[in-house]
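No lab work stands behind these numbers, since they all come straight from the coordinates. Values in this document were obtained by computation on a predicted structure and should not be read as measured data. All Cβ positions, even for glycine, are placed from backbone atoms using ideal geometry, and neighbour counts span all protein chains on display.
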Amino acid sequence: MAKRPTKPAKTASNDEPGDDAPAKKGSYKLVIVESPAKAKTITKYLGAGFQVEASKGHIRDLPKRAPKGVKQPVPGVDLEHDFEPTYEVSDDRRTQVTALKKLAKNASEIWFATDLDREGEAIAWHLAELLGVDPLKAKRVEFDEITRGAILKAFEAPRPIDINRVNAQQARRILDRIVGYMVSPVLWKKVAGGLSAGRVQSVALRLIVDREREIRAFQPDEYWKVEAAMTPDAAKGAALAKDWNAFMARRDERNKAPTQKEQAHWLAERSGIECELVQVAGKAFDLGREVPKYEDLADFSSKNPSIAIPDWVMRKKEEDKKTKTPLPQELRWYGPGDDLVTRVRTVAKAVGLESVTVDLREDAEAVGFARWQRTVRGTIGTGVRYRVKSIERSGTSSKPRAPFITSTLQSSASYALSFGTDRTMRVAQMLYQGVNVPGEGPVGLITYMRTDSTALSGEALGTVRSFISEKYGAKYLPEKARFYGSSNKSAQEAHEAIRPTNVRRTPEMLRGVIDEEQWRLYNLIWQRFVACQMTDAQYDSTAVLLERSDKATGAIFKANGRVQTFDGYTVTGIRGEGEDQELPAMKEGQEMAPFWLDPQQKFTSAPSRFNEASLVRELEKQGIGRPSTYASIINTIEARKYVEQVSRAFHATDIGIAVCGFLEEPFKDGFMDIGYTRKIEEEFDEIAEG
């Protein structure tokens, strides 16, 4: 862990501020921000007397190479003298720095209005160092949103540059440099040239590689479910069966079968219901592979003479005869010769199928139980009926989600808009810094987009509550404002959540005014913000049990239905929790006839691969990185070819697996350990807090 810098870092001699002659003070005040777009937006609010210029991001960094003749294992970091850093102006910022120095000489005051996170604080400090401004006497301003009110309020209350936050950023940068420069050369020698390791990127790679290993090692378990469709009009059963089979055989342009929602709509139009078997012969329905215990080995051997039982299994049996631990999957009843087919036939007949056959197909490429694919065929028996056994009704509700923070914005944009994390942050940056709106000029449309706080200002809450009352009515406005806690215990400084700067600037007003991708992201942010302060959506939920009545087999199906009775926050257009099928009017004792009975073989699924959205959530959950780094972490491991995206899912490449495998053992208690990385992030937080 790098020690906290307690004095200004060294700067290469050719980067010192201009000459020492007294500067002739001009009639303007120099304001330095990071981007030209932000500068343009702020200029119109500050007016005459201010000149706003952009640094265009970071202006200094640790050098890539040590000076000639100097032996320095980690360029820019003096490992023998308290990890003291030395910075140099980046080659692509020299012209900008020269221009800023000239402007600073003739300015009456210098204001630093860089972003409000630690990176922004560090940029302000580097600028002050280069321009000869004492950080403790600097005029530092920060604001969550680029609006007239926020800008003027910030300039009324400048503060010094926060050295604690600067030190936290420097500690992160120095530690990242040490890990990268000390570990990467080892990879070049042991694995392949041109590879790199990083304090955060490597542990993010480990998450993906660990998931890859889980998927490759996964052995699916087999289970069965039985679904049915029923109608109250038995006379229409045959016709409905024909129409239903034709409907289910349809495929859209993507070759996908009808969705659950489409199936529910089809049934509702015909007063039908879809249900699932929950009980048979007086017991809960649970049809799958039998899992023998160690004490059942003799019976297992007699039924599976072709499978040799390893010696270690027999020893384990002797060591613990009372164990209830299941056998390894490869020793479970396996293959086409077990009694599972008999049990499947028994259940199929119990629900009402006749002339039941179970077709078997071997899939040589599948693993475990999935190797044996079974299909049940049969016809619904004449006169099969089910009687409504019970009907339970209850009211339920769903609450709106918290306003966006960086990680949830990236996740939602990935799912709803198919935006990658990098694209989401690029578009959000445009919306924050200012987008040209005809008649208004550049306008900052959203608050700062790098935040892990769900907090909302009192002014924002008051405005959105008034807006909801006026636009939607009192029934959509809760009695009190909603407040949300952060799931991230290590959330940084008390920023606001991501929200529109003016909720009355609705997405409809901006349609066709801003770029399409900007509009789509703004719409997502606007909907989430307004919805988070609205009332719950309300639903009527119904659960119906149907028991076979023409024959006492104990087969019981369950149908669930849910209908929205009040839209609540979903009136904004945001998606709620979804609806189950809409059930027709039914009463206890009513007879229903099945026109579709389908016993289905299922297999448990391997863990899902990470996509950008789920990886960001996992990084946040594990305390790896910060809002400002999620996108760059993903970009880095992709650029290094350690992972690749296939159909938007991350796959670890062979080189990625090799790199991770090599790093895990020697650094298992260091940067490759998730707990270590989380602890380091917490230490950075402590430094920032002083």
Could you calculate the contour length gain from V646 to E516, that is, 0.36 nm times the residue separation minus the distance between their Cα atoms, to one decimal place in nm? 44.2 nm
Expressed in nanometres to one decimal, the distance between label points 7 Å along Cα→Cβ at R393 and A474 is 2.8 nm
What angle do you read, to the nearest 10 degrees and between 0 and 90, between the alpha-carbon axis of helix 201-217 and the longest principal axis of the chain? 10 degrees
Calc'd 3J(HN,Hα), segment 84-94, phi into Karplus 6.51 cos²θ - 1.76 cosθ + 1.60 (θ = phi - 60°), Hz, glycine/Pro = x, comes to 5, x, 10, 10, 9, 5, 5, 4, 7, 10, 4
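In debye to the nearest 20, how big a dipole does segment 194-252 give about its Cα centre with +1 on each Lys and Arg Cβ and -1 on each Asp and Glu Cβ? Mind dumping the intermediate values first?
Values: 10 positive and 9 negative charges, 56 e Å.
I would put it at about 260 debye.
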Where does segment 347-442 land on Rg/Rh, using Cα atoms and the Kirkwood Rh? 1.34
Taking amide H positions as placed in the peptide plane 1.01 Å from N, state which residues far from V278 in sequence (5 or more) or on other chains have amide H under 5 Å from it. I556, F557, K558
Can you sort F667, F419, F247 by how many other beta carbons sit within 10 Å, fewest first? F247, F667, F419
Could you give the length gained by full extension between E508 and E262, i.e. 0.36 nm per residue of separation minus their alpha carbon distance, to one decimal place? 85.6 nm
Applying the gyration tensor rule to the Cα atoms of segment 406-531 (axes a ≥ b ≥ c; rounded if a/c under 1.5, else prolate if a/b exceeds b/c, else oblate), the class is oblate
Within a Cβ distance under 14 Å of P478, other residues only, what is the Lys/Arg minus Asp/Glu net charge? +3
Backbone N within segment 586-604 under 16 Å of label point (7 Å from D243 Cα along the Cβ vector): 593-596
Tell me, what HN-Hα J-couplings in whole Hz come from the Karplus equation 6.51 cos²θ - 1.76 cosθ + 1.60 at θ = phi - 60° for each residue of segment 580-597, using x for Gly and Pro? 7, 5, 8, 7, x, 5, 9, 9, 4, x, 5, 8, 10, 10, x, 10, 8, 10
Quick check: pseudo-label points 7 Å beyond the Cα along Cα→Cβ at E686 and A235, how many nm apart are they? 8.1 nm
How big is the gap, in Å, between the Cα center of segment 87-134 and the Cα center of segment 538-589? 63 Å
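Return the FRET efficiency for the residue pair D210, R371: r is the Cβ-Cβ distance, R0 is 25 Å, and the value is rounded to the nearest 0.05. List each step's numbers first, then the result.
Details: r = 26 Å, r/R0 = 1.04.
My answer for the efficiency is 0.45.
Excluding P500 itself, calculate the net charge of residues whose Cβ lies under 11 Å from the Cβ of P500, where each Lys or Arg counts +1 and each Asp or Glu counts -1. Don't skip to the answer; put the middle values down first.
Numbers: positive: R499, R504, R505, R528; negative: E145.
Cβ neighbours under 11 Å give a net charge of +3.
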Give the aspartates and glutamates whose C-alpha is closer than 17 Å to that of K101, dropping any in the same chain fewer than 8 places away, or say none. D15, E16, D19, D20, E34, E53, E88, D91, D92, E109, E129, D134
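Are there any GluC sites (Glu not before Pro) in segment 43-102 that are in a DSSP loop and have at most 16 other Cβ atoms within 10 Å? List them by number.
E80
Can you figure out the FRET efficiency of E440 with D252, using R₀ = 51 Å and their beta-carbon distance, to the nearest 0.05? The partial results should precede the final answer.
Details: r = 43 Å, r/R0 = 0.84.
E between E440 and D252, to the nearest 0.05, is 0.75.
Hey, which of these cross-link pairs are over 18 Å Cα-Cα: K102/K153; K399/K480; K261/K389?
Details: K102/K153 28 Å; K399/K480 14 Å; K261/K389 26 Å.
Checking Cα-Cα distances, K102/K153; K261/K389 exceed 18 Å.
Where does each of H81, H58, H126 land when they are ranked from fewest to most other beta-carbon atoms within 10 angstrom?
H81, H58, H126
If you count, for each residue, the other Cβ atoms within 10 Å and average over each peptide, how do 192-201, 256-265 line up from highest to lowest?
The packing order, highest mean first, is 192-201, 256-265.
How many percent of DSSP beta bridges within segment 10-171 run antiparallel, rounded to 5?
Working: 5 of 18 bridges.
Within segment 10-171, antiparallel bridges account for around 30 percent of the total.
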List the residues whose amide H sits under 5 Å from the amide H of G444, counting only those 5 or more places along or on another chain, with H placed 1.01 Å from N in the peptide plane. V435
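Give me the net charge for the shell around Q201: Cβ to Cβ below 11 angstrom, other residues only, Lys and Arg +1, Asp and Glu -1.
On the way: positive: R199, R206, R640; negative: D176, E638.
In short, +1.
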Over the Cα atoms of segment 10-171, what radius of gyration and what Dmax do you get, in Å? 16.4, 54
Rough spin-label spacing in nm, given labels placed 7 Å along Cα→Cβ, for D550 and T379: 1.3 nm
Debye, to nearest 20: dipole size of segment 406-531, +1 on Lys, Arg Cβ, -1 on Asp, Glu Cβ: 340 debye
Length added when fully stretched, E227-E109, from 0.36 nm per residue minus Cα-Cα: 35.0 nm
Return one number: the angle in degrees, 0 to 90 and rounded to the nearest 10, between the long axis of the Cα atoms of helix 237-248 and the longest principal axis of the Cα atoms of the chain. 30 degrees
